[in-house]
1. Looking at A:Asp137 and the list (1) loosely packed, with under 14 Cβ neighbours inside 10 Å; (2) more than 10 Å from chain B (Cβ to nearest Cβ), which single condition is not satisfied?
2. Looking only at segment B:53-84, filter to residues that are hydroxyl-bearing (Ser, Thr, Tyr) and within 10 Å of another protein chain (Cβ to nearest Cβ); which one of those is surrounded by the fewest Cβ atoms within 10 Å (Cβ to Cβ)?
3. Can you spot a residue in segment A:95-107 that is surrounded by 22 or more Cβ atoms within 10 Å (Cβ to Cβ), away from chain B (no Cβ under 13 Å) and within 14 Å of the chain's Cα centre (by Cα)?
4. Report, by residue number, each residue of segment A:9-61 that is under 14 Å from the mean Cα position of the chain (by Cα) and of a type in the set (Ser, Thr, Tyr).
5. Of all residues in segment A:109-129 being acidic (Asp, Glu) and more than 15 Å from A:Leu62 (Cβ to Cβ), which is farthest from the other protein chains (Cβ to nearest Cβ)?
6. Working only within segment B:1-12, note down all residues that are closer than 11 Å to B:Phe77 by Cβ and more than 10 Å from every other protein chain (Cβ to nearest Cβ).
7. Only one of A:Ala64, A:Ala69 is in a helix (DSSP H, G or I), in contact with a helix residue (DSSP H, G or I) (Cβ under 9 Å, 6 or more places away or on another chain), surrounded by 12 or more Cβ atoms within 10 Å (Cβ to Cβ) and within 11 Å of another protein chain (Cβ to nearest Cβ). Can you tell me which?
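Values quoted throughout were computed directly from the atomic coordinates according to the rules given, and no laboratory measurement underlies them. Treat the numbers as computed from the prediction; the structure is a model and nothing was measured. Every residue, glycine among them, receives a Cβ derived from its backbone with ideal geometry; neighbour counts consider all protein chains shown.
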Amino acid sequence: MNQIKIQTEPFDLAAIQEELRRDNPAIGAVVTFLGQMRDINEGDRVSTMTLEHYPGMTEKALQAIVDEAEARWQLMGIRVVHRVGPLHPLDPIVLVTVASAHRGEAFQACEFVIDYLKTRAPFWKKEQTAEGERWVDARHSDDAAERRWQR
Amino acid sequence: MINLLYFARLREALQTGSETLDYRADLATVAAIVDLLKARGGVWGEVFADDQTVLVAVNQEMCDLSTVVTDGDEVAFFPPVTGG
């Protein structure tokens, strides 16, 4: 299976974890991050969100992040799935699943991948609220999260 | 030929997602292309104003104003990313 998928349709978290962990008894830990859409942002109710991306660059940027994680930690598999197009509250947006022999590396690598994805992968969110449409602004806290991993 | 791409807030403001420029020796850096776009005035001047944060990728790799552009390259402009 491809390590990276960009898709409009929903994904099956359990099936992705299962595909990653089965058949490899050396795996002792699987850590999964699931990002889902919230109904409130910046104090306003959000009814729909539309995710745009840069086809081609998105896959390259995510592959570079996955390659970096595999260089930093001893891992036994990574899957990254990110949805694009229209989404609604409670919809899963992004999944990062990491397998390793022990939990420490899986936890760290999973957090590293989502932190880097937030600041380096070319996705943009547009929200629909009662007041109309607006593009979501980048967060300084995401830049700070990425800086923790720099070396 | 240089392929220019615009995404998200930029694409909407500029009312176009892509265009092509004939390659010329004086368009050999990202900075030179930005100057040319800025000189169109109006919304182009606003989008590429010095106080706006615009990210740029050449051939799908993040880069900066000093990056060299050659004939056939793909140059994309977009706002800070907000995925995840």
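1. A:Asp137 satisfies all of (1) loosely packed, with under 14 Cβ neighbours inside 10 Å; (2) more than 10 Å from chain B (Cβ to nearest Cβ) except (2).
2. B:Thr53
3. Looking through segment A:95-107, at least one residue is surrounded by 22 or more Cβ atoms within 10 Å (Cβ to Cβ), away from chain B (no Cβ under 13 Å) and within 14 Å of the chain's Cα centre (by Cα).
4. Across segment A:9-61, the qualifying residues are A:Thr32, A:Thr58.
5. A:Glu111
6. Selection gives B:Leu4, B:Tyr6.
7. A:Ala64
Residue by residue, here is whether (1) over 21 Å from A:Met57 (Cβ atoms); (2) touching a Gly at 6+ places or on another chain (Cβ under 6 Å); (3) not aliphatic (A, V, I, L, M) holds:
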site	(1), (2), (3)
B:Met1	no, no, no
B:Phe7	no, no, yes
B:Gly17	no, no, yes
B:Asp22	yes, no, yes
B:Gly41	yes, no, yes
B:Trp44	yes, no, yes
B:Asn59	no, no, yes
B:Glu74	no, no, yes
